[in-house]
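Here's the structure, in structure tokens; my notes come after.
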Amino acid sequence: MRRRTALSAIAALPLACARVGSRDDALEVVIPNDPATVDPRFTTDVYGLRVARLVHAALVAPDADSAAPTPWLAESLVDDEGGALLVTLREGARFHDGTAVTARDVVATFHTLADEKLGSPSRRVLAELSSVMAIDARRVRIAPKRPRATLRGDLDVAILKADEAKLPRDAPLTGCGPFRLVDRRPGAILLEPAATYAWFDAPARRRVVVRTVRDEPARALRIVAGSVDVASNVLAPALAFALPGRSDAPRGLEARRRAAAATTFLAIQCARPELGAPEVRRAIAAAIDRATIVQAKLGGAAALADGLLPNAIALAPRGRAPLAFDPAGARSVLSPLGARGVRWTLVTSTDRTRVGIARALSQSLSDAGVPTEVRTYEFGTFFARLSAGDFDLAPLIASEVSDPDVLRWYLHAEALPPRGANRARLTDARVDALLDRGLATLDLAARRGVYEELEQVLRESMPYVPLWHEDHVAVTSARAATFRPSVDGRWGALARIV
């Protein structure tokens, strides 16, 4: 009876672009939450970013395997005096309306996004540029205020038409990526191939429907019913790998995994008196049996984290000592707190996998002496509580850690909400200084050394407990057999499915 009810619920989902069974139908990508926005100037949630990057193109994009910045709209990037870059646009690059992408568009986009009045999250990077000047129709000189090791990666910003860059939030924008945004409504987003994308690659062949299905069992049933072509990181790994073996699974259904440039960590609210002492935070780390949780809740599809930087990126520190599981040591610190009446709350979303992980973490801490309650919230409420600092502990994921400077967003005192994602409320001059030094260090070996030192400081302070690096796990239909998420989880491979 429960199965019939779930199937009935699936049938009732909005079907603005329903499949009718032919190979010309749209590919369906399933996600668990509607993006707050797909406007590239403002989106920060993972699915909004995924969609925006299919519609809009940037000067550079992370390489699918190494996450190193590689030219996209840019044909070339040449170092110039004073740490500047001379960027030449690809000849023939076009917006979806057929107009050329010019240096004027790049300048207008960067200047607009750097304006504090707009309120774009991109401002924190683009405001660090001293000048963005058009040399001619295809060349732009981009100069930083001070040396920036991340300058090439900073150019991963959607380029907009000059006369559209200042439009109101969520206004229709003309992209230049592989797909056009045709329709967006609650529960479904329709993308169509952009013929103009021939400036970079063969145009995409298939339409794409991004469908929101909030319930994990409903997503699984939809996959088994043959309605879904790509389900990337939206199922518990054990469930994802079980689906292709079902007797009722569609022919050609596959589940694959790959290492990811992502880190799952436990955020600790350092501003809370009972969590302010580093020895307490280190005891929390020692109380967690991460290996058991990875096996039980993630089906082994994750590597234990020795720090916040994933091993999948080039500048990850080498030879880091593993975090030890030391329940006795944890109890010696935490039990006296529990005896004094200290209680903690651990907040998470309503996603089943995340709830299971949260309960395992809660049990570890309760066993160590501090009773810890799990509270679950719908995504909007969960995000609001995080931003307001209304939590003790929260397991979170940094989903696109392509460069170590991403840690600035989570650790620097200047990144306290709402300006950033320093949800631990960490204010540590040593951490800020190392982040600033890492950004200004251009030599790769020296820069790695800076982040090795930073990881050592974080081991002492432990504002975030590094948990693991979850693999990307994608379930694909026979039609989408060539789909592979990039190392940072992007969906660019959708444009190459025939």
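In this structure the amide hydrogen of residue 157, modeled in the peptide plane, comes within under 5 Å of the amide hydrogens of 59, 60, none closer than 5 places in sequence on its chain.
In the chain, helices alone account for a calculated mean residue ellipticity at 222 nm of -8500 deg cm²/dmol, with every DSSP H run of four or more residues adding -39,500 (n - 2.57). In whole angstrom, the range 141-215 maps to an equivalent ellipsoid with semi-axes of 29, 17, 15, each derived as √(5λ) from the alpha carbon gyration tensor and ordered largest first. Ordering 365, 54, 126 by the number of other Cβ atoms within 10 Å of each residue's own Cβ, fewest first, gives 126, 365, 54. Within the range 483-498, what residues put their amide N at less than 20 Å from the label point 7 Å along the Cα-to-Cβ vector of residue 195? Those under the cut-off are 495-498. Across the range 59-73, computed HN-Hα scalar couplings (Karplus, 6.51 cos²θ - 1.76 cosθ + 1.60, θ = phi - 60°) run 4, 9, 9, x, 4, 4, 10, 9, 6, 5, x, 10, x, 10, 5 Hz from first to last residue, x flagging Gly and Pro.
Candidate cross-link partners of residue 166 among the lysines, defined by an alpha-carbon separation under 17 Å and a same-chain spacing of 8 or more, comprise 117. Converting phi to 3J(HN,Hα) with the Karplus coefficients 6.51, -1.76 and 1.60 and the offset θ = phi - 60°, the range 132-147 yields 9, 10, 7, 8, 8, 5, 10, 10, 10, 9, 10, 10, x, 5, 8, x Hz in sequence order, with x at every glycine or proline.
When only alpha carbons of the range 263-470 are considered, Rg and Dmax amount to 16.3, 51 Å. Averaging the sequence gap over all C-alpha pairs within less than 8 Å and six or more residues apart, then dividing by the number of residues, gives the chain a relative contact order of 19 percent.
Across all directions, the average projected area of the convex hull around the alpha carbons of the range 245-335 is 9.3 nm². Each of 200, 383 was scored by other Cβ atoms within 10 Å of its Cβ. Listed from fewest to most, they are 383, 200. Counting 0.36 nm for each residue step from residue 373 to residue 225 and taking away their Cα separation leaves a gain of 49.6 nm. Exposure proxy for 159, 397: other Cβ atoms within 10 Å of each Cβ, ordered fewest to most, give 397, 159.
Read-outs throughout are calculated quantities, based only on the coordinates presented, and are distinct from any laboratory measurement. Values in this document were obtained by computation on a predicted structure and should not be read as measured data. Please note: Cβ atoms are built from the backbone with ideal geometry, for glycine as well, and neighbour counts cover all protein chains shown.
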